Amino acid sequence: MCSAVIAAKAIVEMALLLYLAQLAVRLLSFGRHEANPVYRGIRFLTSPLTGLGRALAPGPSPRRHAPLLGALLGVALWIALVLAKRQWHCGLPS
């Protein structure tokens, strides 16, 4: 069980780092981020979490808020996985 929690936590951490990279590319492209292939690639990699965040959002939310919802969902998942890892004493020497 510990291996699954640790692997899931690593995947969520990678997704959160991709959200930070997406934000950095968006800021550095000065409004032309949709034409940037790096931005489109990062958006593709974060699309599962963004879509899940959009699906769980209450009511219709603007499309521009979808990455924020996905990132917040990722942070919530990360916190839950850290607590699960702590609860099961994963990663501690026996």
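Quick look at the values:
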quantity	calculated
Residue count for segment 78-94, restricted to those that are modelled with pLDDT under 95 and either open to solvent by 60 Å² or more (accessible area, probe 1.4 Å) or polar (S, T, N, Q) (or both)	9
Pairs where the first residue, in segment 32-44, is farther than 10 Å from A21 by Cβ and the second is of a type in the set (A, V, I, L, M, F, W, C), C-beta under 7 Å, 6+ apart	H33/V25; N36/V25
Residue count, segment 7-31 (criterion: in contact with a helix residue (DSSP H, G or I) (Cβ under 7 Å, 6 or more places away or on another chain) and either farther than 15 Å from R64 by Cα or in contact (Cβ under 8 Å) with a residue 24 or more places away in the chain (or both))	12
Unique residue being buried (at least 18 other Cβ atoms within 10 Å of the Cβ), within 26 Å of V5 (Cβ to Cβ) and modelled with pLDDT under 90 when the list is G70, G53, G74	G53
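The values are calculated or read from the model by the stated rules, or taken from the named source; none is laboratory data. Keep in mind that what you see is a predicted model, and the values were worked out from it rather than measured. Ideal geometry is used to build each Cβ from the backbone, glycine not excepted, and the neighbour counts take in all protein chains shown. Heads up: the accessible areas ignore ligands, DNA and RNA and are worked out on the full protein's heavy atoms, side chains in. Shrake-Rupley method; radii C 1.70, N 1.55, O 1.52, S 1.80 Å.
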